[in-house]
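Take a look at the structure set out below.
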Amino acid sequence: MQQLKTDITIRKFEERDYAGVVAVGNAIFPDRPGTVEEWRYDDEHYDKKCVNERYVAEDRSSGTTLGYAGLWHMAWSFHPRKFGMEIRVHPDHQRNGIGSALWLRLQEVLRDHQAIDVKTQIWEKMPSVIAFATRHGFHEVMRAWESRLEVGTFDFKRFIPHVHQALASGVTITTLTAERVRDAQNLKRIHAVDVELSADVPRPPDETRTPIDFNMWHDYTVEGPWSIGDAYFLAVVDGEYAGLSNLFKLKTGDWLNQGLTGVRRPYRGRHLATALKVKTVEYARDHGIREIRTFNEINNAPMLAINVKFGFVRQPAWITFMKEF
Ligand SMILES: CC(C)(COP(=O)(O)OP(=O)(O)OC[C@H]1O[C@@H](n2cnc3c(N)ncnc32)[C@H](O)[C@@H]1OP(=O)(O)O)[C@@H](O)C(=O)NCCC(=O)NCCS
């Protein structure tokens, strides 16, 4: 335990801290609130070979959580000495040195882990956080735009022909729910396609994508509290999975998040992604969902082109910053 100020203690996260850290996160990002159930599930199912730890900044007299810091190995591009991190301080308690105290603690932990670098994602609309990171030696390595589609504005008439064209050319569109009922082994096949497609999603230049372990994929994508098997669409060509596009739903909120969209290389340029994404919008419409949210790396021309055509509206960017040791 480390005393950093007379009134603040920085200590390791414990089970009893979930409500406090979720409240801090939600105070900072009220338009994407999380729940204790989701955070706990996330922690319990994260790849076990990975570091995934948290520290809390607590008011010593009241025991209130004022902020926290998280540190993890990136399961999707695992390297034993590369990490992701976040520092969050409740808006009512910012500019009191709590963020710096948490960063000090993280640096000790990073040193213990012999880290060679650490990355963090910062919202473009938070210049003070960007200034904090820059002051501490971080530099930009990647940028992603969030985009949002108002489901009610989607022009189905314009895009449904792409679905019909795809179906007429022998493509079948199915769902994860249907495929696992058909044959339980299909989950392994879908996992393999997910891994193959994920390798093509842009990442920061220093990262090498590593295949996500089947168990973690299963727990996150198939059985997660946010998973929707009926909104995980797959395109089948000649009996092979050729592409996929899936949505997931957080516990709170009237929107759906876009998960992975990908088409295997031999099948690209045949409007499969377009057809799959039309199915996702149809799903959202049929379930009374107001909005779909997605994130795309700013140079991912094919994906951005599709999203722009669909009517997704660009939001401020999330910037990945990295510090090397
Ligand atoms: C993005 C991706 C899914 C597109 O799949 P696809 O089936 O080839 O896409 P479509 O055939 O439906 O393309 C639809 C439109 O996208 C645009 N597009 C597709 N490929 C493009 C390219 N290489 N450059 C620019 N625009 C492109 C075009 O506007 C095209 O419409 P048009 O053919 O009528 O002009 C595919 O490139 C992919 O799997 N990429 C890797 C995974 C990834 O990055 N996913 C996004 C992050 S989750």
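Under the criterion of Cα pairs below 8 Å and six or more residues apart, the relative contact order for the chain equals 22 percent.
Expressed in units of 2.2 N^0.38 Å, where N is the residue count, the Cα radius of gyration of segment 172-325 is 1.05. Take every DSSP beta bridge whose two residues both sit in segment 29-123; close to 80 percent of them are antiparallel. The Rg/Rh ratio for segment 1-107, using Cα coordinates for both the radius of gyration and the Kirkwood hydrodynamic radius, is 0.96.
Bridgeable aspartates and glutamates around LYS82 (alpha carbons under 19 Å apart, same-chain partners fewer than 8 residues away excluded): ASP43, ASP47, GLU53, GLU108, ASP112, ASP117, GLU140, ASP206, GLU207, ASP213, GLU324.
List, in the order given, every pair from LYS251/LYS277; LYS279/LYS323; LYS12/LYS49 whose Cα-Cα distance in the structure shown is over 30 Å. Before the final figure, lay out the partial values.
On the way: LYS251/LYS277 22 Å; LYS279/LYS323 40 Å; LYS12/LYS49 19 Å.
Long pairs (Cα-Cα over 30 Å): LYS279/LYS323.
Calculate the tail of P(r) for the chain: the fraction of all Cα-Cα distances greater than 35 Å, expressed in %. Summing the P(r) of the chain above 35 Å gives 25 percent of all pairs. Specify the angular offset, from 0 to 90 degrees and rounded to the nearest 10, of the alpha carbon long axis of helix 98-112 from the longest principal axis of the alpha carbons in the chain. With both axes taken from Cα atoms, the answer is about 80 degrees.
The share of C-alpha pairs in segment 71-208 whose separation exceeds 20 Å stands at 68 percent. Largest GNM mean-square fluctuation across ASP219, ASP112, ASP155, computed for the chain with C-alpha springs under 10 Å, falls on ASP112.
Quick one: helix 186-198 against the long Cα principal axis of the chain, what's the angle to the nearest 10°, folded into 0 to 90? With both axes taken from Cα atoms, the answer is about 70 degrees.
Quick note: the coordinates plus some simple rules give every number you see, no bench work behind them. Since this is a predicted model, take the numbers as computed values, not measurements.
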